[in-house]
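Q: This is the structure, below, for whatever I ask next.
The values are calculated or read from the model by the stated rules, or taken from the named source; none is laboratory data. This one's a predicted model, so the numbers in the text were calculated from it and none came from an experiment. Ideal geometry is used to build each Cβ from the backbone, glycine not excepted, and the neighbour counts take in all protein chains shown. Just so you know, the surface numbers come from the protein's heavy atoms only, side chains and all, with ligands and any DNA or RNA stripped out. Shrake-Rupley method; radii C 1.70, N 1.55, O 1.52, S 1.80 Å.
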Amino acid sequence: MAAQQASLDVSALSRYGLASALAGAVDGEDGWVRAVGYDDVVHGDLDRTVLDGWNHVLPVRVQHRSGALWLVNSPALERLGALAAAHGGIERDATGRPTGRLWRADAWLREVLGGRPPSLRAVGARLAALGVTHVTDATPDQGAGGLLAEAVRREELPQRVMTMAADAGLPPHPRLSVGPLKLVVADHALPDLDDLSGRIRRAHTGGRPVAVHCVTRTALALTLAALDRAGRLDGDRVEHCAVADRGAAAELAARRIRVVTQPTLVALRGDAYWERVDPADRPDLWRYAGLLRAGVRVAASSDAPYGDPDPWTGLRAASERLTASGRVLGADERVSVEVALRGMLSSLDDPGGPARRVAVGRPADLVLLDRPLREALRAPDADHVRVTFIEGRIVHGAQYLG
């Protein structure tokens, strides 16, 4: 999220607009041109050759809207040392020449690029203004936990933060916790069943449940098979579960596997999903109510920065299921704003479990609204937030109590 704010957002541009923006871009403080929001359907295929034609002077890296892929030009490949690097995410053609596509290579990029990570202070302030008191960071890579721990310690992030990163040995802090281990089942390179079940088993042996990224039927089926082989641990969950038919929902419920879904992605990308997916998948996209009916514990999240971090937008999206064009995507998957809110108020380590309540002796993580909650939920909007408290401290809106 912090890096996105300092990047060139190309999501609203045409292919011609993307070419013009990159051709005229200036490098940032680190000497790079960093762009986000690339969509292969809107902008067409990209590789190093295409990017070189638009800008062959500055190192350019462009992130796919999914976050799973970076596209880089030849100066970028040279600066990264990718021409000779052995990282498995560096796509190469039949001759061994890098194509400029870097798959799931964020950790490697951070290591090679070095430098100081962006401050999270603006992110923390933005979330506090939205009334967010708790955050789960789903970055899977080694080192992400340490970055978050430092941001919490420096008060850049006032929220309570649970990390899914691989580095679990973090310094103790009352607002920092270690959650499930994030595992990514990447559809462009599906893992071997033995490999995936082995990773799950090792996480369980270390006392950590797993949070498995699944966005296709195949990925979900593979995950269920791997969990069956490795054994289940309370707290295991599926992130996204973007395609799940009734049978899959029943299998999730039978194994007591939680699901964290993202209604805002329906609002942001629902039209694209409708056009691009197999028509047979449309009724099974981004289920919410159907999962609940099957007995699955479900909670909504934002998937920011790829989804909207505003939880009030998430409440509307869960109840309306409206795409940008006004199409209803999955009418039977709509839930009330009250149901969606209860999911958001569940504990970070128990998504879809009981909602946290205001009670004597409980942590004072509270949001003061400008009207009664019942009225606010009739038209969910972040403008209703007046003051946000975390641990009894005002982290946003002190002027309203002044």
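Q: Suppose the filter is within 19 Å of the chain's Cα centre (by Cα) and either open to solvent by less than 30 Å² (accessible area, probe 1.4 Å) or in contact (Cβ under 8 Å) with a residue 40 or more places away in the chain (or both); does residue 76 pass it?
A: On the way: within 19 Å of the chain's Cα centre (by Cα): no; either open to solvent by less than 30 Å² (accessible area, probe 1.4 Å) or in contact (Cβ under 8 Å) with a residue 40 or more places away in the chain (or both): yes.
Considered against the rule, which asks whether it is within 19 Å of the chain's Cα centre (by Cα) and either open to solvent by less than 30 Å² (accessible area, probe 1.4 Å) or in contact (Cβ under 8 Å) with a residue 40 or more places away in the chain (or both), residue 76 comes out as no.
Q: In the range 303-320, what count of residues is obtained for those that are part of a loop (DSSP other than H, G, I, E, B) and under 11 Å from residue 267 (Cβ atoms)?
A: The initial filter retains those residues of the range 303-320 that are part of a loop (DSSP other than H, G, I, E, B), namely 303-310.
Add one more test, that the residue is under 11 Å from residue 267 (Cβ atoms), and what stays is 307-308, 310.
Going through the range 303-320 one residue at a time, the tally reaches 3.
Q: For residue 214, are the conditions met, namely being of a type outside the set (Asp, Glu) and on the phi > 0 side of the Ramachandran plot?
A: Numbers: of a type outside the set (Asp, Glu): yes; on the phi > 0 side of the Ramachandran plot: no.
It is false that residue 214 is of a type outside the set (Asp, Glu) and on the phi > 0 side of the Ramachandran plot.
Q: Limited to the range 360-371, what total is found for residues that are assigned to a loop (DSSP other than H, G, I, E, B) and open to solvent by 50 Å² or more (accessible area, probe 1.4 Å)?
A: In the first step, residues of the range 360-371 are kept if they are assigned to a loop (DSSP other than H, G, I, E, B); the result is 360-365, 370-371.
Of the ones still in play, those that are also open to solvent by 50 Å² or more (accessible area, probe 1.4 Å) are 360-363, 370-371.
Number of matching residues: 6.
Q: How about the range 114-134: which of its residues are part of a helix (DSSP H, G or I), among the aliphatic types (A, V, I, L, M) and out of contact with any strand residue (DSSP E or B) (no Cβ under 8 Å at 6 or more places or on another chain)? Before the answer, list the steps.
A: In the first step, residues of the range 114-134 are kept if they are part of a helix (DSSP H, G or I); the result is 121-129.
Okay, now just the ones that are also among the aliphatic types (A, V, I, L, M), so 122-123, 125, 127-129.
Scanning the range 114-134 gives 122, 123.
Q: Please specify each residue of the range 321-352 satisfying the condition of being assigned to a helix (DSSP H, G or I) and surrounded by fewer than 17 Cβ atoms within 10 Å (Cβ to Cβ).
A: Residues of the range 321-352 that are assigned to a helix (DSSP H, G or I), as a first pass: 331-333, 337-344.
The answer is 331, 332, 338.
Q: Would you mind telling me which numbered condition in (1) in contact (Cβ under 8 Å) with a residue 60 or more places away in the chain; (2) under 30 Å from residue 356 (Cα atoms); (3) out of contact with any Lys or Arg (no Cβ under 8 Å at 6 or more places or on another chain); (4) open to solvent by less than 60 Å² (accessible area, probe 1.4 Å) residue 138 fails?
A: Condition (3) is where residue 138 drops out.
Q: Turning to a different aspect of this structure: (1) out of contact with any Leu (no Cβ under 7 Å at 6 or more places or on another chain); (2) more than 25 Å from residue 365 (Cα to Cα); (3) assigned to a loop (DSSP other than H, G, I, E, B): which one isn't true of residue 111, the others all being true?
A: That leaves (3) as the condition not met.
Q: Just to be sure I understand, how many residues within the range 287-320 are open to solvent by less than 50 Å² (accessible area, probe 1.4 Å) and among the basic types (Lys, Arg)? Before you say what the answer is, go through the steps one by one.
A: Taking the range 287-320 first, the residues open to solvent by less than 50 Å² (accessible area, probe 1.4 Å) are 287-291, 294, 296, 298-305, 307-315, 317-319.
Filter once more, keeping what is among the basic types (Lys, Arg): 287.
Matching residues across the range 287-320 total 1.
Q: Now a separate question. Looking at residue 227, is it within 21 Å of residue 136 (Cα to Cα), crowded, with 17+ Cβ neighbours inside 10 Å, of a type in the set (A, V, I, L, M, F, W, C) and modelled with pLDDT of 95 or more?
A: On the way: within 21 Å of residue 136 (Cα to Cα): no; crowded, with 17+ Cβ neighbours inside 10 Å: yes; of a type in the set (A, V, I, L, M, F, W, C): yes; modelled with pLDDT of 95 or more: yes.
No: the conditions fail for residue 227.
Q: Going by the conditions given, is residue 30 at pLDDT below 95 and in contact with a helix residue (DSSP H, G or I) (Cβ under 8 Å, 6 or more places away or on another chain)?
A: Working: at pLDDT below 95: yes; in contact with a helix residue (DSSP H, G or I) (Cβ under 8 Å, 6 or more places away or on another chain): yes.
Considered against the rule, which asks whether it is at pLDDT below 95 and in contact with a helix residue (DSSP H, G or I) (Cβ under 8 Å, 6 or more places away or on another chain), residue 30 comes out as yes.
Q: While we're looking at this one, here's another question. Give the residues of the range 372-400 that are in a loop (DSSP other than H, G, I, E, B), open to solvent by 20 Å² or more (accessible area, probe 1.4 Å) and within 20 Å of residue 337 (Cα to Cα), sorted by residue number.
A: Here is the first cut: in the range 372-400, the ones in a loop (DSSP other than H, G, I, E, B) are 372, 377-381, 391-392, 397.
If we keep only those that are open to solvent by 20 Å² or more (accessible area, probe 1.4 Å) too, we end up with 372, 378-379, 381, 391-392.
Passing the criteria: 372, 378, 379, 381.
Q: Looking only at the range 182-197, count how many residues are open to solvent by 10 Å² or more (accessible area, probe 1.4 Å), at pLDDT 95 or above and either on the phi > 0 side of the Ramachandran plot or assigned to a helix (DSSP H, G or I) (or both).
A: Total meeting the criteria: 3.
Q: Can you give me the number of residues within the range 238-264 that are without any contact (Cβ under 8 Å) to a residue 60 or more places away in the chain, surrounded by 21 or more Cβ atoms within 10 Å (Cβ to Cβ) and part of a helix (DSSP H, G or I)?
A: Looking only at the range 238-264, we keep the residues that are without any contact (Cβ under 8 Å) to a residue 60 or more places away in the chain, and these are 238, 241-257, 261-262, 264.
Those still in the list that are surrounded by 21 or more Cβ atoms within 10 Å (Cβ to Cβ) too: 238, 241-244, 248-249, 252, 257, 261-262, 264.
Filter once more, so that each one left must be part of a helix (DSSP H, G or I): 248-249, 252, 264.
Selection size over the range 238-264: 4.
Q: Same structure, new question: Filter the range 276-286 for residues that are in a helix (DSSP H, G or I) and touching a residue at least 40 places away in the same chain (Cβ under 8 Å); which is surrounded by the most Cβ atoms within 10 Å (Cβ to Cβ)? Walk me through how you get there before you give the answer.
A: Filtering the range 276-286 for residues in a helix (DSSP H, G or I) gives 276, 279-284.
So of that shortlist, the ones also touching a residue at least 40 places away in the same chain (Cβ under 8 Å) come out as 276, 281-284.
Numbers: 276: 11, 281: 16, 282: 13, 283: 16, 284: 22.
The extreme case among them is 284.
Q: Here is a follow-up. Only residues that are of a type in the set (A, V, I, L, M, F, W, C), within 14 Å of residue 179 (Cα to Cα) and at pLDDT 90 or above: list them for the range 135-165, please. Let's see the steps before the verdict.
A: Of all residues in the range 135-165, those of a type in the set (A, V, I, L, M, F, W, C) come to 135, 138, 144, 147-149, 151-152, 157, 161-162, 164-165.
After this cut, where a residue has to be within 14 Å of residue 179 (Cα to Cα) as well, the list is 135, 138, 144, 148-149, 161-162, 164-165.
Passing the criteria: 135, 138, 148, 149, 161, 162, 164, 165.
Q: I need every pair where a residue in the range 82-95 that is under 14 Å from residue 108 (Cα atoms) has its Cβ under 6 Å from the Cβ of a residue that is part of a loop (DSSP other than H, G, I, E, B) and open to solvent by 60 Å² or more (accessible area, probe 1.4 Å), sequence separation at least 6 or different chains.
A: 89/104
Residues checked against (1) touching a Phe, Trp or Tyr at 6+ places or on another chain (Cβ under 8 Å); (2) under 29 Å from residue 273 (Cβ atoms); (3) surrounded by 17 or more Cβ atoms within 10 Å (Cβ to Cβ); (4) not aromatic (Phe, Trp, Tyr):
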{"site": "8", "(1), (2), (3), (4)": "no, yes, yes, yes"}
{"site": "29", "(1), (2), (3), (4)": "no, no, no, yes"}
{"site": "43", "(1), (2), (3), (4)": "no, yes, yes, yes"}
{"site": "50", "(1), (2), (3), (4)": "no, yes, yes, yes"}
{"site": "65", "(1), (2), (3), (4)": "yes, yes, yes, yes"}
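Q: List every residue pair whose Cβ atoms lie under 9 Å apart, where the two residues are 6 or more positions apart in sequence or sit on different chains, the first residue falls within the range 386-402 and is within 10 Å of residue 365 (Cβ to Cβ) and touching a residue at least 60 places away in the same chain (Cβ under 8 Å), and the second residue, located anywhere, is part of a strand (DSSP E or B) and basic (Lys, Arg).
A: Short answer, once both residue conditions are applied: 390/160; 391/160.
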